[in-house]
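Since the structure comes first, as structure tokens, the remarks are kept for the end.
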Amino acid sequence: MKAKVAEKGTKEISAASLLSRMFGKILAIFFVGFAVYAYRALQPPPPKICGTPDGPPITAPRVKLSDGRYLAYKEHGVPKDQARHKIVFIHGYDSNRHDAVVATGLSPEVIESLGVYIVSIDRPGYGESDPNPKRTVKSLAFDVQELADRLELGSKFYVIGFSMGGQAVWTLLKYIPHRLAGAALLAPVTNYWWPNFPANLSTEAFSHQLPQDRWNLRVGHYLPWLTNWWNTQKFFPACSAASYNPGVLSPQDLALMPKYRARRDFYAQVRQQGQHESLHRDLMIGFGTWEFDPIDLENPFPNNGGSVHLWQGDEDKLVPVTLQRYIAQRQLWIQYHEIPGAGHMFPVLDGMADKIVKALLIREKNVS
């Protein structure tokens, strides 16, 4: 009797052990499958590179960079060989070379009288410029330097950047100041994690952003590998600027939008190579951990051989004016122009391009 009981107990233990092992294997298979699914879901789709069989056609002039990538550009103003002032324009977020707001808004009188030549570029991944999957904070500065050399702009040139392109101008001031004759930053995007901002100031400025943008920027800063998924999933609202949420526009911006949109005949080109290497890469780089803080920069023109101008609207909902004021207070060599009642889109105001260019090239005063 005891032997039969023992045998029965052994069989029950063996069955339980078998079920436990089977459950463990099933659980392991489930987790492996989920991990594979999650990994694939987090991977951005490959970009559709211009000029490849599956990519958009090439319609713009382009220069080949030393790493084999191509940078597209567009020329404005007087012929390059007749120019007295040569400017590189860097566009903002979700934009391209055609949105050169200063070049397209500049009056013929200023162009001719000052001999202005402007070349606007497609930043990597935008328009017809090849993506740069190895893009860093400093890489665009050297892309611009190569462009200037390929186009023979001379030993020094001016640079103007708007919004996210304005943020990029800080990197040119850091890495290639010896190549610059002057610089203008128009509503340059600020990184809330630049260490020299007082914590209470950056926290307060950050709190005024829409909740969806606060989450989006946190992802870009702390979890950059999640940026593509976060901005393509359907559970939470993604970046408001990319979705044209009117909540991030000031009253003046809303009034200017019809004028701005009328200039966007080439909008289809902006994201044609994919959103990850353009919009998402902007968020990861612009709000990631930087190798330097603009507040630590030294005056690139200590002998007054050039000037740096920062332009900002005091009602800009995308870029906090309080942070720009702090930068200007700390960097006294920056000429700060604050525009009362202006939002983020002030560069398209009538006459504003002339003021920006005159301040930069001939240091005309009382223009803001």
Practice task
Tell me which of these Glu364 doesn't satisfy, since it passes every other one: (1) farther than 30 Å from Pro198 by Cβ; (2) touching a residue at least 40 places away in the same chain (Cβ under 8 Å).
Solution key: (2)
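Working only within the range 47-84, note down all residues that are touching a Ser or Thr at 6+ places or on another chain (Cβ under 9 Å) and open to solvent by 60 Å² or more (accessible area, probe 1.4 Å).
Looking only at the range 47-84, we keep the residues that are touching a Ser or Thr at 6+ places or on another chain (Cβ under 9 Å), and these are 47, 50, 60, 62, 69-76.
Within the range 47-84, Tyr70, Lys74, Glu75 qualify.
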Exercise for the section: Search the range 210-229 for residues that are touching a residue at least 12 places away in the same chain (Cβ under 8 Å) and under 16 Å from Ile285 (Cα atoms) and pair each with any residue that is of a type in the set (Val, Ile, Thr) and not in a helix (DSSP H, G or I) when their beta-carbon atoms are under 8 Å apart and the residues are at least 6 apart or on different chains. Expected result: His221/Thr289
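Of all residues in the range 226-241 being surrounded by fewer than 20 Cβ atoms within 10 Å (Cβ to Cβ) and not hydrophobic (A, V, I, L, M, F, W, C), which is modelled with the highest pLDDT?
Per the stated criteria, the residue is Thr232.
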Completion exercise
Picked from the range 152-165 (must be over 17 Å from Pro124 (Cβ atoms) and outside any strand (DSSP E or B)), the residue least open to solvent (accessible area, probe 1.4 Å) is Leu153
Fill in the blank from the handout: Among the residues of the range 242-254, the number that are under 16 Å from Ser95 (Cβ atoms) and either touching a residue at least 40 places away in the same chain (Cβ under 8 Å) or surrounded by 15 or more Cβ atoms within 10 Å (Cβ to Cβ) (or both) is 4
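Counting residues that are of a type in the set (S, T, N, Q) and open to solvent by 20 Å² or more (accessible area, probe 1.4 Å), which helices (runs of 4 or more DSSP H) fully inside the range 255-368 reach at least 2? So that I can check it myself, show each step before the final result.
Details: elements: 267-270, 281-286, 321-330, 352-361.
Per the criteria, 321-330.
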Problem - The listed residue being over 19 Å from the mean Cα position of the chain (by Cα), more than 16 Å from Phe89 (Cβ to Cβ) and open to solvent by 20 Å² or more (accessible area, probe 1.4 Å), out of His221, His178 - result: His178
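The values are calculated or read from the model by the stated rules, or taken from the named source; none is laboratory data. Just so it is clear, the model here is predicted, and its values are computed rather than measured. Using ideal geometry, Cβ is built from the backbone for each residue, glycine included, and neighbour counts are taken over all protein chains shown. Accessible surface areas use protein heavy atoms only, side chains included; no ligands, DNA or RNA. Shrake-Rupley method; radii C 1.70, N 1.55, O 1.52, S 1.80 Å.
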